[in-house]
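These notes concern the structure reproduced below.
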Amino acid sequence: MLTSSTITFLILAVTIFVSWSAFNRSDLFEKFLHSPYRVKHYKEYYRILSHTLIHADFIHLAFNMYALYAFGGFVEIYFKLHWGSGLGSLLYLLLYVSSAVVATLPSLKKHSDNYGYNSVGASGAVSAILLCYMILNPTAQILLLFIPMPAFVAVFVFFIFEHIMSRSGKTNIAHDAHIWGALSGITFLFIFHPQSMIHFIGTVRNLIF
């Protein structure tokens, strides 16, 4: 019998295994990384998803996998309780995969002719999971940027921070992927579970006013 967080643990296991393998195999790292240039000019579309399975270093991997573990289990269980085990699992996996794809759109548009641009990591998909958690559980206390705050506040802090960092251009982190992944997660809930958005807005309104 499948455990309640089976999909989350499968994603964790596969990502950790492939990332760990790629740390010691440059050929695997090169094969899986996201290269908008190669996607466009060599039709290597698989890179749009394969890059989520590898990470720049252990800290990058650990941060993403901890966030997925901390928030993904709740979202997966919520989906299964709401839609049933089978459909809930399918929708949870669709959320993760579709958000990973959407998160690559800015780089595909901006860097498709830039041979030197590459990116790795599951941050876009994990951002979608994080935002879904905060929408579904708005009064939860979470740590964002190492600061404790209610989840509904963290939603706004997340977008403000990522926007500022994206505009600054002073890091090697793809903050635009975080933003688009998060927006994908919110859009997913709006389409498949609009009641959750109504509940979130009502909760925020009641707490503020």
- prompt: What ranking do 48-56, 7-15 get when scored by the average of other Cβ atoms within 10 Å per residue, highest first?
  reply: 48-56, 7-15
message: Could you give each residue of the stretch 145-157 its phi-based ³J(HN,Hα) in whole Hz, using Karplus coefficients 6.51, -1.76, 1.60 with θ = phi - 60°, and x for Gly or Pro?
response: 6, 6, 10, x, 6, x, 4, 5, 6, 4, 4, 6, 4
task: At 7 Å along the Cα-to-beta-carbon direction for both I164 and K40, put a label point, then send me their distance in nm to one decimal.
output: 3.2 nm
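For S21 and L143 in the same chain, what is the full-extension length gain: residue separation times 0.36 nm, less their Cα-Cα distance, in nm?
Gain on extension, S21 to L143, equals 40.9 nm.
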message: Placing +1 on the Cβ of each Lys and Arg and -1 on the Cβ of each Asp and Glu in the chain, which of I191, G86, N114 has its Cα farthest towards the positive end of the resulting dipole?
response: N114
For the stretch 10-16, Karplus couplings with θ = phi - 60° (6.51, -1.76, 1.60), whole Hz, Gly/Pro x: 5, 4, 4, 4, 5, 5, 5
task: Would you kindly work out the equivalent ellipsoid of the stretch 1-61 from its C-alpha gyration tensor and give its semi-axes, the square roots of five times the eigenvalues, largest first in whole Å?
output: 24, 15, 8
- request: Note the full-extension length gain between F192 and L49 as 0.36 nm times their separation in residues minus their Cα-Cα distance, in nm to one decimal.
  value: 49.2 nm
field: Modelled FRET efficiency - R0 30 Å, F156 with Y66, Cβ distances, 0.05 increments
entry: 0.85
query: How many nm is it between the label spots at V14 and N114, if each spot is 7 Å from the Cα in line with the beta carbon?
result: 2.9 nm
statement: Non-local residues with an amide H under 5 Å from the amide H of I142, with H modelled 1.01 Å from N and Pro and chain starts lacking one, are M149, A151
- request: Would you mind working out the magnitude of the charge dipole of the chain relative to its Cα centre, with +1 at each Lys and Arg C-beta and -1 at each Asp and Glu C-beta, to the nearest 20 Debye?
  value: 300 debye
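Read-outs throughout are calculated quantities, based only on the coordinates presented, and are distinct from any laboratory measurement. In this text, all values refer to a predicted model and were calculated from it rather than measured experimentally. So basically every Cβ, Gly included, is an ideal-geometry build from the backbone, and we count neighbours across all protein chains shown.
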